[in-house]
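Q: Okay, handing you the structure first.
The values are calculated or read from the model by the stated rules, or taken from the named source; none is laboratory data. What you see is a predicted model; the values in this text were computed from it and never measured. Cβ atoms come from the backbone with ideal geometry, glycine included; neighbour counts cover every protein chain shown.
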Amino acid sequence: MYNGSQRWSARQDIYDMVQPEPPEFLRAYQPHLRYYLIDEGRCTDEELINKKTLLSGVFGVENAGHSWEALQQAVDRVVKIIEADPNKERVDRIITRWIKRHLSRLGAEVGLERLNSLVEDRDMLAENLENLVNKEWLEGMPLGYQKGFQEGVQAVKQEVGHKLIVRTEMNDQLIAEIVGLAVAEVSDMRSQVKH
């Protein structure tokens, strides 16, 4: 399973990786070892919504970084998938543990320690996500007043873009669309983060 920002380009069979290619009489003995690639970046939002699998739900949560509302909708979809699963309790524990880590990486640390079940605590999670949005808005306002509205908006966009660069595998184009910056600005931020 791959969720990096670049498209997967590696070969999917070890046979193709051996260089130089063996002579004809040895090719029959060349090992073949293929793996099944699940490249999250190749799935469109529409494809993910139409599939009712846990993996498509997890991909939906990972791809919902453009807004907290989209994230909540993706979580609601995962909850419905969990509720329909015959191993609901076990799956709920696993996905809840994963989503807590995922949200922590996004900076949503508000009340995650109390989250024990996506199914049972869905309302609490929704409230926490809403509180996080309000908290980020309140923290960004003093900066806007100090430097002027435009400078404040730009700084918040850059900070959010920086957090997305550091904490996710999203590509520059997607981050630029989310925070409203030019792709070149996001690329510059990414190069500064690497140094």
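Q: Filtering segment 30-81 down to residues that are aromatic (Phe, Trp, Tyr) and assigned by TED's automatic domain parsing to the domain that holds residue 95, which residue is farthest from residue 94 (Cα to Cα)?
A: Kept after step one, since they are aromatic (Phe, Trp, Tyr), are these residues of segment 30-81: 35-36, 59, 68.
Keeping just the survivors that are assigned by TED's automatic domain parsing to the domain that holds residue 95 gives 59, 68.
Details: 59: 15, 68: 22 Å.
For segment 30-81, the residue satisfying everything is 68.
Q: Just give me the residues in segment 33-53 being part of a loop (DSSP other than H, G, I, E, B) and closer than 24 Å to residue 76 by Cβ, in sequence order.
A: Residues satisfying the conditions are 38, 43, 44, 51, 52, 53.
Q: Which one of these is surrounded by fewer than 15 Cβ atoms within 10 Å (Cβ to Cβ), acidic (Asp, Glu) and touching a strand residue (DSSP E or B) at 6+ places or on another chain (Cβ under 6 Å): 45, 13? Before the answer, list the steps.
A: Numbers: 45 fails: touching a strand residue (DSSP E or B) at 6+ places or on another chain (Cβ under 6 Å).
On inspection, the qualifying residue turns out to be 13.
Q: May I pose another question? Out of all the residues in segment 52-62, is one or more within 19 Å of residue 125 (Cβ to Cβ) and among the hydroxyl-bearing types (Ser, Thr, Tyr)? Explain how you work it out, then say what you get.
A: Start the filter on segment 52-62 by keeping residues that are within 19 Å of residue 125 (Cβ to Cβ), which leaves 54, 57-62.
Filter once more, so that each one left must be among the hydroxyl-bearing types (Ser, Thr, Tyr): none.
No.
Q: Going by the conditions given, is residue 56 surrounded by 14 or more Cβ atoms within 10 Å (Cβ to Cβ), outside any helix (DSSP H, G or I) and at pLDDT below 85? Break it down into steps so the answer makes sense when it comes.
A: On the way: surrounded by 14 or more Cβ atoms within 10 Å (Cβ to Cβ): yes; outside any helix (DSSP H, G or I): no; at pLDDT below 85: yes.
Spelling it out, it is not the case that residue 56 is surrounded by 14 or more Cβ atoms within 10 Å (Cβ to Cβ), outside any helix (DSSP H, G or I) and at pLDDT below 85.
Q: A follow-up question, please. Please find, within segment 61-108, the residue that is surrounded by the most Cβ atoms within 10 Å (Cβ to Cβ) out of those that are under 24 Å from residue 44 (Cα atoms) and of a type in the set (Gly, Ala, Ser).
A: Restricting to residues being under 24 Å from residue 44 (Cα atoms) and of a type in the set (Gly, Ala, Ser), the top hit is 74.
Q: Mind checking which residues of segment 16-42 are surrounded by fewer than 10 Cβ atoms within 10 Å (Cβ to Cβ) and closer than 30 Å to residue 80 by Cβ?
A: 36
Q: Give the residues of segment 1-32 that are within 29 Å of residue 175 (Cα to Cα) and part of a strand (DSSP E or B), sorted by residue number.
A: 2
Q: Let me ask another. Kindly check whether there is at least one residue in segment 137-146 that is outside the structural domain of residue 5 (by TED's automatic domain parsing), loosely packed, with under 15 Cβ neighbours inside 10 Å, at pLDDT 60 or above and not aromatic (Phe, Trp, Tyr).
A: no
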